[in-house]
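The values are calculated or read from the model by the stated rules, or taken from the named source; none is laboratory data. Note that the structure is predicted; figures quoted are calculated from it, not measured. Cβ coordinates were reconstructed from backbone atoms using ideal geometry, including for glycine residues, and neighbour counts include every protein chain displayed. Quick note on the areas: whole protein, heavy atoms, side chains included, nothing else; ligands and nucleic acids left out. Shrake-Rupley method; radii C 1.70, N 1.55, O 1.52, S 1.80 Å.
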Amino acid sequence: MKHKSYLLFVFLVAAWLGIIFLFSAQPWPNSFHTSSAVEQKIISFAAQFAGGEAVAEQLLKLFPLRKIAHFTEYMILGCFSTAGYWYYQREKRKTEHSSVLPVMGFCALLAALDEFHQAFVPGRTSSLWDVLLDSVGAFTGIFLSACVIKKIRGMKKQG
């Protein structure tokens with residue numbers, strides 16, 4: 001019986017895409033309210049430390065939470081997609097040597113489709129910069145996952 005571990009990652013990718021879609025489908029007032037509430041929680045937490053509130057406010061000005069969320073959402077998607085693709089290659093094609101280029105294309109296409117979708121959500125806009133930010137997040141997740149996979153393969157060869 002085959003393990004079909006890749007199916008777990010297919011599920012995780014699909015579930016994560018659902019979460020991304022739900023956030024993207026929020027009209028502007030709802031999305032703004034969610035971001036503002038999270039920012040306030042971050043600032044309140046940071047206020048527990050000496051000077052933390054001012055530092056948190058400055059960091060949120062430099063790195064807006066909405067942009068951090070874009071990057072992080074797609075970094076996680078990149079991780080799940082890379083792991084799923086690697087397991088699929090290993091189980092179906094009997095190889096552990098695979099390119100991450102298809103995964104990069106997949107994630108970049110999803111970023112573009114997500115932004116296209118946002119153009120139809122009340123009060124939201126579509127942005128090429130967000131597609132780029134999403135893609136960089138995905139590529140970061142792909143890179144990190146590929147490094148972990150390479151490390152695991154190296155440990156298995158030694159052991």
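Below are the figures for this structure:
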quantity	calculated
Selection status of residue 113, open to solvent by 40 Å² or more (accessible area, probe 1.4 Å), without any contact (Cβ under 8 Å) to a residue 12 or more places away in the chain and aliphatic (A, V, I, L, M)	yes
Per-region count, region 130-153, residues open to solvent by 60 Å² or more (accessible area, probe 1.4 Å) and at pLDDT 95 or above	5
Total residues in region 44-66, condition among the charged types (D, E, K, R) and more than 21 Å from residue 31 (Cβ to Cβ)	1
Test: residue in region 122-133 that is under 18 Å from residue 102 (Cβ atoms) and hydroxyl-bearing (Ser, Thr, Tyr)	no
Complete set of residues in region 19-71 that are of a type in the set (Lys, Arg), open to solvent by 80 Å² or more (accessible area, probe 1.4 Å) and either under 24 Å from residue 107 (Cα atoms) or in contact (Cβ under 8 Å) with a residue 40 or more places away in the chain (or both)	67
Hits in region 129-154 (condition: under 19 Å from residue 23 (Cβ atoms) and of a type outside the set (Ser, Thr, Tyr))	129, 130, 131, 132, 133, 134, 136, 137, 138, 141
Single residue of region 95-110 satisfying the filter (assigned to a loop (DSSP other than H, G, I, E, B) and β-branched (Val, Ile, Thr)) that is surrounded by the most Cβ atoms within 10 Å (Cβ to Cβ)	100
Condition broken by residue 104, with the remaining ones in (1) farther than 17 Å from residue 146 by Cβ; (2) without any contact (Cβ under 8 Å) to a residue 40 or more places away in the chain satisfied	(1)
